[in-house]
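Structure, as structure tokens:
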Amino acid sequence: MESIAKARKICHLLLRFLAFGATLSAVIVMATSHEKASVLVFQVEAKYSHTPAFKYFVIANSVVTVYGFLILFLPPESLLWRFAAATDMVFTMLLVSSISAALAIAQVGKKGNSHAAWLPICNSVPKFCNQVTGALVVGAIAVIIYMLLLLNSIHRVLDPLIFRKC
Amino acid sequence: MASRNVEKLDLSFSAVPDKPKKDWVIVYLRILAFLATASATLVMALNKQTKHFVVATIGTTPITVSITAKFQHTPAFIFFVIANGVASLHCLMMIGVDILGPQFDYKGLKPVLIPILDMMSLVLASAGDGAATFMSELGRNGNSHARWDKICDKFGSYCNRGGAALIASFIAIILLLIITVMSINKLKPKK
């Protein structure tokens, strides 16, 4: 009976660590995406900071990384888990909105928008595009893990005996 | 004397039988959230502007080209309309469940389903919002590094209506957040 409780604790800690790792790698991969190319006679440089959507993605994921790091150290039976459930929900929403915004702008970058006369840029800076795609994939994994963690913390708040039951 | 005792007994028996107290606050909030999401959906879905541009002049007759800005041109706005549409349908369904609900017996998984569905519609609405916000920011300011021109100086009322739909969607997200927290709170086992 105690081993199941211990297994649950380890599983929860592992999930939190995975979430922390996912958001951290999303930040790192997006922040180091940088490419210079020459199109016709122009010198084109692509960086994540040129677009406010990617900046929002980096900022949101770094905030969640710091939160994920701090919450790894919360002891499992303290009363702060109610607060942790609320902040979990807020940060999950933040992550979802940031990845949706980054996806929208990345889709314009890849396919362009013929109605607004916006040409796709992925042909000239393919390495940048691939790195941004990788960052978005890792961000999506982080979103899924955070949704699972949110359900877990709400269950933990509503039923505080979950970790003492056999 | 006896009749007075009978009267007193009658009064005590007409006390309120135990009926669960209906929570009207959450129903009002759901109605407000339904209005907000429905208006966001409608304003964005009917967003269209046509403008005529003079391209060239041959002799004295100008050649005009009419360009239309519609919400379907951008996948981000399509997602915004779909997400807010789903959220408004969810709010409508939850209003129905709250008003007609206490007639049916809630057992098993059903009480948990309401907060889970609330959370899902909240997440969907916030995703649609994020995408549409940054897309309209791109339309308003353009992006000089990628050589994407801004379109809001030509299609002013299209952009303004999109902005109004976004504001309605932000209000809807705040309301949905409050509703979600309240419905999760309802799940607490009463001591």
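The values are calculated or read from the model by the stated rules, or taken from the named source; none is laboratory data. All values reported here derive from a predicted model rather than from experimental measurement. Cβ atoms come from the backbone with ideal geometry, glycine included; neighbour counts cover every protein chain shown. Remember, those area values only see protein heavy atoms, side chains included, never the ligands or the DNA or RNA. Shrake-Rupley method; radii C 1.70, N 1.55, O 1.52, S 1.80 Å.
Report, to two decimal places, the Cα Rg of the protein assembly as shown normalised by 2.2 N^0.38 Å (N = number of residues).
In units of the globular-protein estimate, the protein assembly as shown measures up at 1.29.
Counting only C-alpha contacts under 8 Å and six or more residues apart, can you give the relative contact order of segment B:22-185 as a whole percent?
34 percent
Determine the shape class of segment A:105-153: with a ≥ b ≥ c the square roots of the Cα gyration tensor eigenvalues, call it rounded for a/c under 1.5, and otherwise prolate if a/b is greater than b/c, oblate otherwise. Intermediate results must be reported in sequence, preceding the final value.
Working: a/c = 7.49, a/b = 2.31, b/c = 3.24.
It is oblate, given that a/c is not under 1.5 and a/b is not larger than b/c.
Over segment A:1-95, consider all pairs of different Cα atoms and compute the Kirkwood hydrodynamic radius from their mean reciprocal separation; express it in Å, one decimal.
15.8 Å is the Kirkwood radius here.
Which entries in the list A:Lys9/A:Lys55; A:Lys36/A:Lys111; A:Lys9/B:Lys110; A:Lys9/B:Lys186; A:Lys47/B:Lys51; A:Lys55/B:Lys154 go over 30 Å, if you measure between the two C-alpha atoms of each?
A:Lys9/A:Lys55; A:Lys47/B:Lys51
Can you give me the relative contact order of chain A as a percent, contacts being Cα pairs under 8 Å and 6 or more apart?
Computed over chain A, the figure is 36 percent.
Share of segment B:21-122's accessible area from carbon and sulfur, percent, 1.4 Å?
Working: 4420 of 6040 Å².
That fraction is 73 percent.
Note every residue of segment B:116-143 with a reduction of at least 20 square angstrom in accessible area, all protein chains present versus the isolated chain, computed with a 1.4 Å probe, or write none.
Relative to the lone chain, where solvent access is computed with a 1.4 Å probe, segment B:116-143 loses at least 20 Å² at B:Met119, B:Leu122, B:Val123, B:Ser126, B:Ala127, B:Gly130, B:Ala131, B:Phe134, B:Met135, B:Glu137, B:Leu138, B:Asn143.
Note the per residue figure in Å³ for the convex hull of the C-alpha positions in segment B:75-157.
Considering the Cα atoms of segment B:75-157, their hull volume per residue is 98 Å³.
Just to confirm, what accessible area per residue do you get for segment B:44-84 at 1.4 Å probe, in whole Å²?
Numbers: 2470 Å² over 41 residues.
Dividing the accessible area of segment B:44-84 by its residue count gives 60 Å².
What's the angle, to the nearest 10 degrees (0 to 90), between helix A:2-31's Cα axis and the longest principal axis of chain A?
Tilt relative to chain A: about 20 degrees.
In segment A:69-166, what trypsin sites (Lys or Arg not before Pro) fall in a loop by DSSP, with at most 16 other Cβ atoms inside 10 Å? Don't skip to the answer; put the middle values down first.
Numbers: sites: A:Arg82, A:Lys110, A:Lys111, A:Lys127, A:Arg156, A:Arg164, A:Lys165; in loops: A:Arg164, A:Lys165.
Qualifying residues, ordered by number: A:Arg164, A:Lys165.
Tell me the net charge near A:Ala101. Cut-off is 13 Å between Cβ atoms, A:Ala101 excluded, with +1 for each Lys or Arg and -1 for each Asp or Glu. Each step should come with its number before you reach the end.
Numbers: positive: A:Lys55; negative: B:Asp129, B:Glu137.
Result for the neighbourhood of A:Ala101: -1.
What does the net charge come to around B:Asn47 if you take all other residues with beta carbon closer than 12 Å to its beta carbon, with K and R at +1 and D and E at -1?
Working: positive: B:Lys48, B:Lys70, B:Arg161; negative: none.
Charge balance near B:Asn47 sits at +3.
Net charge around A:Lys36, counting only other residues with Cβ within less than 12 Å of its Cβ (Lys, Arg = +1; Asp, Glu = -1)?
Net charge around A:Lys36: 0.
Can you give me the accessible area per residue for chain A, using a 1.4 Å probe, in Å²? Mind dumping the intermediate values first?
On the way: 8790 Å² over 166 residues.
For chain A, the solvent-accessible area averages 53 Å² per residue.
Between chains B and A, what is the buried accessible area in Å², counting both sides, with a 1.4 Å probe and ligands, DNA and RNA left out, to the nearest 100?
Accessible area lost upon association: around 2700 Å².
Which of A:Val132, A:Val29, A:Val66 moves most in a GNM of chain A, Cα contacts under 10 Å?
For chain A, modelled as a Gaussian network with Cα springs under 10 Å, the answer is A:Val66.
Please report, as a whole percent, how much of the solvent-accessible surface of chain A comes from carbon and sulfur atoms (probe radius 1.4 Å).
On the way: 6360 of 8790 Å².
Carbon and sulfur atoms account for 72 percent of the accessible area of chain A.
Go ahead and estimate [θ] at 222 nm for chain A from helices alone: -39,500 (n - 2.57) per DSSP H run with n ≥ 4, summed, over the residue count, rounded to 500. Could you put the intermediate results ahead of the total?
Details: 4 runs with 114 residues, N = 166.
It lands at -24500 deg cm²/dmol.
From the square roots a ≥ b ≥ c of the eigenvalues of the alpha-carbon gyration tensor of segment A:15-156, which class results: rounded (a/c under 1.5), prolate (a/b over b/c), or oblate?
prolate
Using a 1.4 angstrom probe on protein heavy atoms only, which residues from segment A:111-157 are buried by at least 50 Å² of accessible area when all chains are present rather than their own chain alone?
The answer is A:His115, A:Trp118 - residues whose exposure falls by at least 50 Å² when every protein chain is included.
Rounded to two decimal places and with Rh computed the Kirkwood way over Cα pairs, what is Rg over Rh for segment B:22-185?
1.16
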